[in-house]
Each structure stands twice: as structure tokens, then as C-alpha cells.
1. Pro106 fails exactly one of the following numbered conditions: (1) assigned to a loop (DSSP other than H, G, I, E, B); (2) away from ligand 3 (no atom under 16 Å from the Cβ). What is the number of that condition?
2. Just the residues that are in contact with a Pro (Cβ under 7 Å, 6 or more places away or on another chain) and crowded, with 17+ Cβ neighbours inside 10 Å, please, taken from region 155-176.
3. Report yes if Ile419 is surrounded by fewer than 17 Cβ atoms within 10 Å (Cβ to Cβ), of a type outside the set (S, T, N, Q) and in contact with a Phe, Trp or Tyr (Cβ under 7 Å, 6 or more places away or on another chain), otherwise no.
4. Any idea which of Glu286, Glu296, Glu314 is acidic (Asp, Glu) and buried (at least 21 other Cβ atoms within 10 Å of the Cβ)?
5. For region 293-344, how many residues are closer than 30 Å to Leu259 by Cα and either small (Gly, Ala, Ser) or without any contact (Cβ under 8 Å) to a residue 12 or more places away in the chain (or both)?
6. Criterion first (in a loop (DSSP other than H, G, I, E, B) and not β-branched (Val, Ile, Thr)) does Leu24 satisfy it?
7. For the condition of a type outside the set (Ser, Thr, Tyr), closer than 30 Å to Glu356 by Cβ and away from ligand 3 (no atom under 16 Å from the Cβ), what is the one hit in Gly83, Gly62?
8. Among the listed residues Gly231, Gly281, identify the single one that is in a loop (DSSP other than H, G, I, E, B), among the small types (Gly, Ala, Ser), surrounded by fewer than 17 Cβ atoms within 10 Å (Cβ to Cβ) and within 23 Å of the chain's Cα centre (by Cα).
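The values are calculated or read from the model by the stated rules, or taken from the named source; none is laboratory data. Owing to the predicted nature of the structure, the values given are computational and were not obtained by experimental measurement. Cβ coordinates were reconstructed from backbone atoms using ideal geometry, including for glycine residues, and neighbour counts include every protein chain displayed. SASA here: full protein model, heavy atoms, side chains in, ligands and nucleic acids out. Shrake-Rupley method; radii C 1.70, N 1.55, O 1.52, S 1.80 Å.
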Amino acid sequence: MISFYIKTYGCMMNVYDSNKMADLLVSKGYTQVLNPYDADVLIFYTCNVREKAVHKLLSDIGRLKFVNAKVIAVGGCIAQSEGKRLFERAPSINISFGPQTYHKLPEYIDKVLKGERERIIDSTFYKMDKFLSCPKKRNVSISEHIAIQEGCDNFCTYCIVPYTRGREYSRPVKDILEEAKWLLDNGAQELVLWGQNVNSYHGEAPYITIGHHKATWRIEQLLQAVAQLPGIRRLRYSTSHPKDFNEALMYVHNEIPLLVPFTHIPVQSGSDRILKQMNRGYTSAEYLYKLNKFREICPAIQFSSDFIVGFPGETEEDFKDTLRLVEQVKYTISYSFKYSPRSGTPAAKMLDQVPEKIKEQRLKILQDTLLQDQITFNKALVDKTQEVLFYKKGKRVKQYIGKNVYMQSVVVESEKDLIGKFKDVLIKSAEENCVIGQVV
Ligand code: SAH
Ligand code: SF4
Ligand code: F3S
């Protein structure tokens with residue numbers, strides 16, 4: 001029996017793809033192993049969003065030089081954009097496969113194992129094929145992601161994703177509902193509808209309208225349909241683009257009680273000049289207007305965001321605009337990064353690149369500010385009761401870790417096994433990255 005090991009880097013889309021790939025290989029008779037030294041086939045499923053990710057991959061491959069593997073396959077976003085160059089940088093690689101080609105992996109591995117080919121490269125955009133070629137998920141978890149949309153047409157000037165994942169496309173409603181039903185029937189209680197830009201979702205409707213036109217559904221309709229499936233207890237979606245966020249989606253939060261009052265809506269910068277250079281398609285005032293509207297419509301809503309500091313040409317004043325925006329919004333949790341030039345993107349060619357030292361200073365200031373807001377938010381939950389879904393055991397005996405509706409980690413001690421259960425928890429104290437409570 002042939003064994004394989006997968007290492008996954010990057011975003012949830014990669015985690016999702018890796019699970020599909022593993023299920024596909026198992027359905028073809030392969031066994032999955034958790035130690036790379038036990039594997040005949042090593043698969044690295046990569047991210048190319050920042051330079052660091054590429055270095056990490058090459059150092060991981062370098063370190064595994066002496067393993068017994070007969071095949072080394074590198075897939076995902078680095079494979080897509082590096083293609084042949086990947087073989088030059090790491091000659092031990094046999095297969096380079098883009099994110100839309102993983103359904104072909106069993107065939108490619110077979111060819112290398114049989115000695116028919118030493119090197120294979122595939123960067124075709126097959127679109128739907130991979131979704132249709134994979135079996136149903138084997139090990140269903142309490143919380144599951146479903147890819148509803150993939151790719152991106154926005155071309156933010158710093159971002160590699162439109163080049164690695166290709167043009168935006170939405171999966172048909174029917175396929176998504178089928179996958180959701182399977183996951184719920186097999187133990188999932190929370191579903192996350194996932195995509196690079198979920199609020200521009202426009203998938204084929206599950207029925208044909210008069211005149212034989214295939215209608216399309218938006219994310220609001222899809223959320224309504226998923227929320228009605230038997231067994232679902234909690235629903236989320238991510239990631240949203242601010243320019244596509246409309247009021248209909250805000251109202252849906254009030255209409256669907258099991259949709260969490262929390263949304264990730266990355267602003268990237270608070271400076272209008274930088275937002276324009278980034279090609280984001282909104283101003284900071286437009287962004288703030290939407291968030292305020294959202295709070296008016298759905299007072300419980302909380303936000304998280306991504307930020308980039310040190311985008312080419314970013315001045316001290318631009319950076320202060322970002323801090324001012326953060327001050328106004330008060331995010332519950334956020335992710336911030338130093339700008340990393342990606343070859344082939346317009347921003348990488350801009351002349352006024354910001355020195356690394358300044359990027360580091362700005363990142364530190366921004367992260368400290370964001371952390372303060374996060375701590376304030378966590379502290380405000382003390383003495384409140386929250387519904388928590390428990391996912392796993394903690395480090396200590398009798399300790400369990402779950403998430404509240406704001407996706408914060410909640411830690412409790414319990415005599416009874418809590419995994420897979422929803423419980424009301426009274427929050428007793430707050431730490432930087434979690435809150436501690438007691439089941440009521
Ligand atoms: N589609 C999502 C984000 C996908 S990439 C959106 O538009 O919000 C995830 C995050 O990586 C981005 O939000 C951005 O903050 C960051 N990112 C993307 N390209 C980057 C780059 N070249 N340098 C640093 N951070 C980057
Ligand atoms: Fe990248 Fe912009 Fe598309 Fe997000 S919206 S994936 S940041 S190009
Ligand atoms: Fe990285 Fe590709 Fe996701 S570049 S962030 S793995 S879409």
C-alpha cells in the first residue's frame with residue numbers, strides 16, 4: 001500500500017483543498033501517515049501570499065532531503081505561480097500542481113512511481129472539475145468549512161491570489177447544499193461558507209426559472225437555505241470584500257438566529273491615498289459608513305480585519321490614518337502584515353518601497369493597538385453568559401476549549417466530556433487571547 005503525507009500552508013482554502021485531496025487519495029487505496037519519514041509520497045500544499053511562505057517551503061523541503069519518499073509533489077499557490085522555476089530551486093521535486101489540478105494528483109503520482117515520467121507540471125485552471133472528482137468527506141468534524149466560491153477578480157495591486165487561484169467562480173447552490181447535508185448528517189454542527197470573496201457569490205440556482213433561464217443566488221439566499229438544513233446549530237461565512245458588502249447581507253444577520261453576529265471585513269489601510277494605490281475600490285469613509293450601518297441594523301455585530309503596513313509610498317500620515325480608523329472601529333480580533341512584494345503584481349514594481357525597518361516599527365505599533373482593543377473586548381465579556389461550542393480538550397486534565405459566537409477561544413474545566421456540545425458559559429476572567437469561564 002502506498003502511503004502519503006501532506007503538509008499544508010496558508011489559508012482555509014488550502015486546508016479545505018488538502019482534506020479533499022487526502023480523501024481522494026484514500027479512496028484510490030493510499031494510506032495517510034502523519035510522519036513524513038513514513039511516507040512514500042510527500043505532498044506540500046503551498047501558499048504564496050507573502051515571501052516568508054516561499055522561504056518556509058524551501059527550507060522544509062531542504063530539511064527532508066534524507067527521507068525515503070519516492071515522490072515529492074508541490075501543489076497550491078506557489079506551484080501555480082512558480083511553475084518550472086520550482087524544479088530549479090528544489091530539484092528533488094517531481095510534481096508541481098496548481099490549486100485547480102489536485103484531482104489529477106493520483107494519476108500523476110502513479111506516472112512517477114511507474115517511472116513513466118520523472119517530472120510533471122500542471123497549472124491548468126480546470127474550474128469545477130476538482131469539486132466534482134472528490135469523494136465525500138471521511139472524517140467530519142464538529143465545525144466544517146465549505147468552499148462556495150474561489151478565485152478573485154479584484155486585482156488588489158499587492159496581491160498574488162488572482163494569479164494563483166484564477167478568475168472568480170461560484171459553485172452551484174445544489175452542490176453546496178449536498179455537501180452541507182452530508183457534513184451535517186455525519187456530525188458537523190457548525191458550517192463556515194468559505195471563499196476568497198464570499199459576498200460576491202453568484203451561484204447557479206437549484207431550479208430552472210420560466211423561460212429556462214438558470215437564475216443565480218447571492219450569498220444571502222444561500223445562507224438562508226443552509227440555515228434551514230436539519231442539524232445545523234451555527235453558521236458563519238468568510239471572507240468578505242468591503243466594496244461588495246451590501247445591506248441585504250446585514251439584514252440577514254437579524255433574520256437567521258444561528259448566523260453569528262461577527263464578520264471578517266478586511267480594510268487593509270485607513271488612508272484613502274493608499275487604498276486607491278491598492279485598488280481596493282472604497283474610501284475609508286465608505287468603509288466606516290458600511291460598518292456603522294451594520295451596527296445600526298444589527299447592534300450585536302462585531303468585526304475583524306486584515307491590515308497591511310508599509311505598502312509602497314505609505315507615509316507616516318497614511319499610517320496614522322490607519323490607526324485613526326482602528327480607533328473608530330474597535331475590532332475584536334485582527335491580522336496585520338508587513339507588505340511583501342510579490343513578483344508579477346503592480347505594487348512590486350512601484351518605486352517608493354518602504355524600508356523594512358519602518359515596516360517593522362509600524363507593524364509593532366498597529367499590533368499593540370489592535371491587541372489593546374482585543375483585551376478590552378474580552379474584558380467586557382466578564383460576568384456575561386455566552387453560548388460556546390466545544391471543539392477539543394485543553395492541555396490540562398478536565399480542561400475543554402470551545403468558541404463563542406465571536407470566534408474567541410473559551411476555556412472551561414468540566415467533569416463531563418464537552419466535545420461536540422453547545423453549553424452556556426459564564427465568563428469569569430479574560431486573557432489576551434482567550435476568556436475563561438464556567439458551564440452554567
Ligand atoms: N480576499 C481577501 C484576502 C485574501 S489574502 C480580502 O480581499 O480581504 C489574506 C490577507 O493577506 C489579505 O487580506 C492581506 O491583508 C494579506 N496580503 C495579501 N497580499 C499581501 C502582500 N503582498 N503582503 C502582505 N500582506 C498581504
Ligand atoms: Fe487579493 Fe484583493 Fe482578491 Fe483579496 S480581494 S484575494 S486581497 S486581490
Ligand atoms: Fe495563500 Fe493561496 Fe490562500 S496564496 S492565502 S494559499 S489563496
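1. Checking Pro106 against (1) assigned to a loop (DSSP other than H, G, I, E, B); (2) away from ligand 3 (no atom under 16 Å from the Cβ), the one that fails is (1).
2. Correct list: Thr157, Thr164, Arg165, Val173.
3. Numbers: surrounded by fewer than 17 Cβ atoms within 10 Å (Cβ to Cβ): yes; of a type outside the set (S, T, N, Q): yes; in contact with a Phe, Trp or Tyr (Cβ under 7 Å, 6 or more places away or on another chain): yes.
Spelling it out, Ile419 is indeed surrounded by fewer than 17 Cβ atoms within 10 Å (Cβ to Cβ), of a type outside the set (S, T, N, Q) and in contact with a Phe, Trp or Tyr (Cβ under 7 Å, 6 or more places away or on another chain).
4. Checking each option against the conditions leaves just Glu314.
5. Matching residues across region 293-344 total 8.
6. no
7. Gly62
8. Going through Gly231, Gly281 in turn, the sole match is Gly281.
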